[in-house]
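Right, one structure below, let's go through it.
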């Protein structure tokens, strides 16, 4: 039910604090800015938690996905996929 999805709440301050070690990735400032720019562009002024998650998913709808797999899971590879080439397997 879509209403159930829309009723999902975001994480509380306590939950964020408890999960901080899992939610934070140590990124160089320029890389952090690239990721943040993509998120801000995707999410914009969306209000609810579900709406934000849905907007992030939709932000990838114009990307070209390819079958395959790469062992390169580096931040640089993910940034290249996200910002530059917008195609590939996005692993």
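Residues in segment 45-63 that are assigned to a loop (DSSP other than H, G, I, E, B) and surrounded by 10 or more Cβ atoms within 10 Å (Cβ to Cβ): how many?
Of the residues in segment 45-63, 4 are assigned to a loop (DSSP other than H, G, I, E, B) and surrounded by 10 or more Cβ atoms within 10 Å (Cβ to Cβ).
Just wondering, is there one or more residues in segment 64-74 that are surrounded by fewer than 10 Cβ atoms within 10 Å (Cβ to Cβ), modelled with pLDDT under 85 and closer than 28 Å to residue 5 by Cα?
yes
Quick check: is even one residue across segment 13-25 assigned to a loop (DSSP other than H, G, I, E, B) and within 16 Å of the chain's Cα centre (by Cα)?
Looking through segment 13-25, at least one residue is assigned to a loop (DSSP other than H, G, I, E, B) and within 16 Å of the chain's Cα centre (by Cα).
Output the number of the condition that residue 89 fails; it satisfies all remaining conditions of (1) touching a residue at least 40 places away in the same chain (Cβ under 8 Å); (2) over 22 Å from residue 9 (Cβ atoms).
Failed condition: (1).
Could you tell me whether residue 37 is assigned to a helix (DSSP H, G or I) and surrounded by fewer than 14 Cβ atoms within 10 Å (Cβ to Cβ)?
Values: assigned to a helix (DSSP H, G or I): yes; surrounded by fewer than 14 Cβ atoms within 10 Å (Cβ to Cβ): yes.
So residue 37 passes the test.
Go through (1) surrounded by 14 or more Cβ atoms within 10 Å (Cβ to Cβ); (2) modelled with pLDDT of 85 or more and name the single condition residue 18 misses.
If we test residue 18 against (1) surrounded by 14 or more Cβ atoms within 10 Å (Cβ to Cβ); (2) modelled with pLDDT of 85 or more, just (1) comes out false.
The values are calculated or read from the model by the stated rules, or taken from the named source; none is laboratory data. Just so it is clear, the model here is predicted, and its values are computed rather than measured. For neighbour counting, all protein chains shown are included, and Cβ atoms are generated from backbone atoms with ideal geometry for every residue, glycine included.
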